[in-house]
Amino acid sequence: MSTKKHDGHPHLTGEHRWGDAVQLVLFILFLGIWITDSFVFRYSTFLREIIPEYARIIAASLVLICGWYLARMGMKAVFGTTRDKPELITDGAFRIMRHPIYTGAILFYLGAILITLSIVSAAFWLVIVAFYILIARYEERLLTGEFGDAYREYMKKTGMLFPKIRKSK
C-alpha cells in the first residue's frame, strides 16, 4: 500500500500517499470550472433566474457553516491532540460520522455551487465526492487493519460521510 504518515503525529495510522496532492488538484480544477462557468461564460447557470439570490445565499451559508464546523472539529480531534500511539477516535464529530473532515470539504464545494447554481460545477462536484469516497475507503482499510473488530463495530454504528439515520444492531 502506498500509505503516507504525518511527521510529528505518530498516533495517526496514515492516509493515501496521493490523497493531499489529488485534493489540491481537484480544488484548483473546481475553482477554475466554477469561476469560469459562474462568472465568465455563465454556460450552465440558468437556474439563477428561477431561484432567488437571497434563498441561494441563505442555503449556501448554512451549508458552508456546517462544512466549516465539521472540518474544524475533525481536524481538532485528529491533529489537536497528542497521543503516543494510534487510537480509535469516536468522540466529537467522529461520534456522528467516520470522516467529518472529508464531509466538511464536500459541503464546502456544495456551498459554492449553491451560490451560483453552476450545473457544470455540480457535475464536477460528483467527481470530487467519488474521490473522497475512494480515499475514505482506503483509510478505512488501514483503520480496520489497525483496530480490527473495534473499527468494524464503529462502522456499523456510524455513517461514513453522513450520519446514519438508523443505527445497525
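May I ask you to list pairs of residues, at least six apart or on different chains, whose Cβ atoms are under 7 Å apart, with the first in region 145-158 being at negative phi and outside any helix (DSSP H, G or I) and the second being surrounded by 13 or more Cβ atoms within 10 Å (Cβ to Cβ) and charged (D, E, K, R)? If the second residue must be surrounded by 13 or more Cβ atoms within 10 Å (Cβ to Cβ) and charged (D, E, K, R), the pairs left are Thr158/Arg98; Thr158/Lys164. With respect to the conditions (1) surrounded by 14 or more Cβ atoms within 10 Å (Cβ to Cβ); (2) of a type outside the set (D, E, K, R); (3) more than 30 Å from Phe94 (Cβ to Cβ), Leu47 falls short on a single one, namely (1).
Contact annotation: residue pairs with Cβ atoms under 7 Å, 6 or more positions apart or on different chains, pairing a residue in region 113-133 that is in contact (Cβ under 8 Å) with a residue 24 or more places away in the chain and on the phi > 0 side of the Ramachandran plot with a partner that is part of a helix (DSSP H, G or I) and of a type in the set (Lys, Arg), are Leu117/Arg48; Leu117/Arg56. Within region 50-94, the set of residues being modelled with pLDDT of 95 or more, charged (D, E, K, R) and either surrounded by fewer than 14 Cβ atoms within 10 Å (Cβ to Cβ) or closer than 26 Å to Gly14 by Cβ (or both) comprises Glu53, Arg72. Looking across region 47-63, the residues that are free of Cβ contacts under 8 Å to residues at least 12 places away in the same chain, over 23 Å from the mean Cα position of the chain (by Cα) and part of a helix (DSSP H, G or I) come down to Glu49, Glu53, Tyr54, Ala55.
Evaluate the following for Phe124: is it closer than 30 Å to Ser44 by Cα and not in a helix (DSSP H, G or I)? It is false that Phe124 is closer than 30 Å to Ser44 by Cα and not in a helix (DSSP H, G or I). Applying the set (1) under 30 Å from Gly32 (Cβ atoms); (2) under 16 Å from the mean Cα position of the chain (by Cα); (3) not small (Gly, Ala, Ser) to Ile119 leaves exactly one unmet item: (2). Looking only at region 147-167, residues that are surrounded by 16 or more Cβ atoms within 10 Å (Cβ to Cβ) and farther than 22 Å from Gly104 by Cα come to 1 in all.
The values are calculated or read from the model by the stated rules, or taken from the named source; none is laboratory data. Just so it is clear, the model here is predicted, and its values are computed rather than measured. No Cβ is skipped: glycine too gets one built from the backbone with ideal geometry, and neighbour counts run over all protein chains shown.
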